[in-house]
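Read through the structure below, which is laid out as structure tokens, and then see the notes.
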Amino acid sequence: MSTQAEIQLSTAFREAFRHHPSGVATITADPGDGPVALTISSLISVSVAPPTVAFSLSSKSSATPAILAAKTMVIHLLRLADLPIARLGATSGIDRFGPGIAWERLPTGEPRYAEVSTWFRARIVGTLPVGGATVVVAELLEGHVDHAAEGGAEAHSVVYVDRRWHGLRAPEDDTK
């Protein structure tokens with residue numbers, strides 16, 4: 001049973017992080033019985049050598065068991081132009097790989113959203129159950145950044161804050 005102090009701390013935590021912007025990514029994987037996807041806002045870089053990231057998966061997500069069972073996955077870093085992919089991975093009860101959704105399989109078999117210009121293929125190297133989530137550590141195996149997709153408002157990174165997605169513009173050059 002929670003004490004009043006624990007409830008207040010939990011409320012403060014939710015409120016603080018609701019207003020703390022975070023980058024948006026979508027994870028895709030296929031453990032062998034069909035592709036799954038989910039959108040996350042918890043991706044962090046861990047190491048450059050070897051290139052390693054970490055993120056958390058909620059135990060409430062139906063995609064979590066499949067991602068944890070997959071040997072490899074694709075991590076899509078999303079731009080404003082990719083907002084439909086963010087929404088797709090965040091919506092429950094829909095076919096995230098159905099007709100009209102541009103996706104393909106990498107030569108190694110992982111599902112990838114074809115229109116996302118920045119992505120990494122990764123393998124899970126560690127997990128840590130914490131409360132109602134699992135922290136996943138993944139080593140990057142290959143990646144792609146399409147610099148031709150940069151420029152204009154649609155190329156701005158997507159951040160999640162206050163339960164909404166926002167385009168993050170590059171800062172103005174204040175050195176002039």
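The values are calculated or read from the model by the stated rules, or taken from the named source; none is laboratory data. All values derive from a computational prediction rather than experimental measurement. Cβ coordinates were reconstructed from backbone atoms using ideal geometry, including for glycine residues, and neighbour counts include every protein chain displayed.
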- [ ] Output the number of residues of the range 69-83 satisfying the condition of being modelled with pLDDT of 95 or more and either part of a helix (DSSP H, G or I) or over 12 Å from the mean Cα position of the chain (by Cα) (or both).
- [x] 3
Open item on the list: Among the residues in the range 22-30, are any in contact with a strand residue (DSSP E or B) (Cβ under 7 Å, 6 or more places away or on another chain), more than 16 Å from residue 124 (Cβ to Cβ), in a strand (DSSP E or B) and at pLDDT below 95?
Closed with: yes
TODO: Give the number of residues within the range 41-60 that are in contact with a helix residue (DSSP H, G or I) (Cβ under 6 Å, 6 or more places away or on another chain) and without any contact (Cβ under 8 Å) to a residue 24 or more places away in the chain.
DONE: 0
- [ ] Taking the options 66, 37, 86, name whichever one is surrounded by 16 or more Cβ atoms within 10 Å (Cβ to Cβ), modelled with pLDDT of 95 or more and either on the phi > 0 side of the Ramachandran plot or not in a strand (DSSP E or B) (or both).
- [x] 66
Open item on the list: Name the residue that is nearest to the chain's Cα centre (by Cα), counting only residues in the range 40-52 that are in a strand (DSSP E or B) and either of a type in the set (Gly, Ala, Ser) or buried (at least 19 other Cβ atoms within 10 Å of the Cβ) (or both).
Closed with: 40
Task: Pick from the range 1-27, criterion charged (D, E, K, R) and loosely packed, with under 11 Cβ neighbours inside 10 Å, ranking: farthest from the chain's Cα centre (by Cα) - done: 6
- [ ] With the checklist (1) aliphatic (A, V, I, L, M); (2) surrounded by fewer than 19 Cβ atoms within 10 Å (Cβ to Cβ); (3) modelled with pLDDT under 95 in hand, flag the one item residue 102 doesn't pass.
- [x] (3)
